[in-house]
Each structure stands twice: as structure tokens, then as C-alpha cells.
Amino acid sequence: MVIRDPVPVSAGSPAAGDPDTNYVFFENREALVLAGGGARAAYQVGVLKEIARWLPDGSPCPFEVLVGTSAGALNAAALAARAHCMTEAVAELLRVWEGFRLEQVVRVDPLTVLRASLHWLLSVFSGGWLAPPRALLDTAPLRELIASVIPIERIPASIAAGPVRALAVATTSYTTGRAVAFFEAAASTAGWSRVRRAGVHRAIDLEVLMASAAIPFIFPAARVDGDYYGDGAMRQLAPLSPAVHLGANRLLVVGTRADSAASPADGSVDTPPSPGHLLGFVLDSLFTDGLSIDLERLRQINGLLSEERYAPEPGRRPIEVLVIQPSEDPNVLARRHLGAMPRSLRTLLRTMGALEARGGLLASYLLFESAYTSELVRLGESDARARRDEITAFLGMPSR
């Protein structure tokens, strides 16, 4: 990923592009990249709350490019819709995440869960003659929540007026198998096409957000422009690339997995992993491995560019990245709050083996309960506060 110095452009002029990479280059532009992580995305809101606290009252969003995956896409869209005032945008996110109940995301009443379980059993006993359910859980409540708390209709005006210049939402196409980043930006901003991934200029609407948050197997796919799409983390080979394609060269990345996270296989090894544990393992890989690999690749390229023998050509430079990750393992935090989960869903997870001694990983992504999400918000605040000087210097904000 070689980035040449951007060509300065005026507010109304088209941006310069590199025909070899399809990247669009501007003057220094900051991007906020919010990784996926289900309920763990509450951590991102804590980080944003602390950043908003450092800004003068009434300040707009300090990021010109917003990129989100899964639940991170919902946070990014909420920021874009209220970009004129960072404090207002974060306050609305806090209202939701600190007051979360799982029934705001999925239907967890005993009858619905029992009906879904019986449907799976009947499908097995019928030898497949009865089609299985399209997903484990019904996300109709999440659709209603997004429609009520994110004023999606404001996003185009926010982008047209600034300060946000682009919003990208990562999805995965079940039709083509490609990672597709739907994005809203200036009309002159071109899409891109790469091996197994693409950028499509399109309005960010409810269907796109539902698609990005459609955790495979657990949440149903969403239909966008006639095709079915699911969680953007599934085929996300280069999660940082949408931000770069949209003109950013300074990326603040907020992840959802601690660098010191316990191994997904921690706990008893006397028995093979259960289906619930395996599903949690898969989700953990989906949400974290792509980002970790892309960050490692970017650091390697930046290291090469810093060596004189690789940088004789004027104008080449590295992309700056600052990564904020939880200082505590969300998996460990989730285990403290399993009792807050509705009994019907606890029973379902227990039958899958997701709550065994070596489990809890799956629950950490599905535990949309205020006791857990509020603790993650506080952790995000604390981690951002501990790195305040680093973050403010990176964003060019006044130091404390």
C-alpha cells in the first residue's frame, strides 16, 4: 500500500487520483475506523465519549472519513447523521448503549425462542424436507431501534456540508462472495474494485446497516439492491482500505478485542469444544483477525517506506495509524454478566455449549445488556483517558 503525497484540492474541486491504485488523495485527512464486535462495540462509544469531552462545546465530528463494520457501522452512521455536534452524537449513542436490553436487538421471548428451536429440530428430523430457519434469532427489534435512533436521512446533508466527507459501511455479498463497502461521499468520488472486494457508491440506508450487522448464522441476511448481504467482517481482507480509498491518510482504529485477550481455547481441555464454543471462536476470528492482519501488513509497508533505499521517489509516505483496543478482555467481562441475559437465550446458549467453562466467547458478542455494555463504555473512557496525549497529538487537538 504505497501512498503518494496528496494533491491539494479546493473544497469544490475534484480530488486527484492514482490510476494504479484507485485511491483518492487529499490534504491530510483523518478517518475513524470502527471494527465489528456485536455488543463489544459499546467499548467504542466509551472512547468516543472521552474524545468528545476534550473538544470545545458544540464542536463537530473531528473525523472527515468514517468507516464501520457490523455494530461499528451503526456507531459510525450515528456519528455521520449528527456530525454537526460531536457531543450530541455521542450522547445519543450513550443513551442507547448504556440502557441496552437484548430484546431491543432480537426477539428473546420464550415462545419465539422455543418456536425457532423446534423449527430446527423438525428440519433435522424431516431429513431436510422442512427448510431450516434462515437464522437463529429474529432481528426485527434491531431494525426498529436503528430506524428510531439514527436519523439516516440526515447523512447526505452532513456529508454535503461537512465536516464528514465520507461514510463507508462494510458488508459481505452472499451472491458474489465479495467484501463490499457501500459508501456515501461527494458525487465525484469513484468506487473501486479489487480481488474479492469492492467499493460501491450508494446511499447508506436501513438495509445497508442491517446487512453490515447481520452476524452469520445468528442474524438473518439483509437484501440490498436485489442481493443478500451479511456481516462485513466475513470477507474483510483489508478493513483499512475503504478509509484510504476515500482519501484518509491518518487512521484512528478502535477495535473490540484486547491485545492481551485470553486464548479462545482457555479453560478445560478435557473435552472437545462444543458447537457454541466453536461458533464463538469463528466470530472472534471474523471480527478480529482481518483487522490484525491488515494492521500488521500496513506496519510492514510503513517500515519499508521509512528505509531510504525504498523511498527514493519523492512524494511517497506511510499511512499513520493509531489503534485503541480494550485493555481488559471483553470475554472475561461478559462472564460476570451472564446472569443479565434473558433466561430463554441463556438456555439456548447452554444447549449449544456456549456457557461451558471454556465458553463465554459467543456471549461476549451477544450480551446486549446494560450491565455489560455500560462496563465496556467505562473501559473505553478509561483507556482513552490513559492515552489522551497520544490521541490528541495524533488528531492535532490541543494538549491538556
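Observations on the model:
- Of Thr175, Thr256, Thr112, the residue with the largest accessible area leads and the full order is Thr175, Thr112, Thr256 (1.4 Å probe).
- Within segment 200-240, the chymotrypsin sites (Phe, Trp or Tyr not before Pro) that combine a DSSP coil assignment with at most 16 other C-beta atoms in a 10 angstrom radius are Phe217.
- Per-residue Karplus couplings for segment 374-380, computed as 6.51 cos²θ - 1.76 cosθ + 1.60 with θ equal to phi - 60°, are listed in order as 5, 5, 5, 4, 5, 5, x Hz, Gly and Pro entered as x.
- Of the residues His337, His84, His277, the one with the largest accessible area comes first in the ranking His84, His337, His277, computed with a 1.4 Å probe on protein heavy atoms.
- Accessible surface of segment 317-400 [probe 1.4 Å, protein heavy atoms]: carbon and sulfur percent: 50
- Only protein heavy atoms count here; under a 1.4 Å probe, Thr69 has an accessible surface of about 10 Å².
- Other residues lying with their Cβ under 13 Å from the Cβ of Arg178 contribute a combined charge of +3, Lys and Arg counting +1, Asp and Glu -1.
- Solvent exposure of segment 328-374, expressed per residue, is 34 Å² of accessible area, with all protein chains present and a 1.4 angstrom probe.
- Derived scalar couplings ³J(HN,Hα) [segment 94-108; Karplus, 6.51 cos²θ - 1.76 cosθ + 1.60; whole Hz; x for Gly, Pro]: 4, 4, 6, 5, 7, x, 4, 10, 4, 5, 7, 10, 9, 7, 10
- For Trp97, solvent-accessible area (1.4 Å; no DNA, RNA or ligand), Å²: 10
The values are calculated or read from the model by the stated rules, or taken from the named source; none is laboratory data. What you are looking at is a predicted structure, and each value in this text was computed from that prediction instead of being measured. Virtual Cβ from ideal backbone geometry, glycine too; neighbours counted across all protein chains shown. Ligands, DNA and RNA are excluded from the accessible area calculation, which covers all protein heavy atoms including side chains. Shrake-Rupley method; radii C 1.70, N 1.55, O 1.52, S 1.80 Å.
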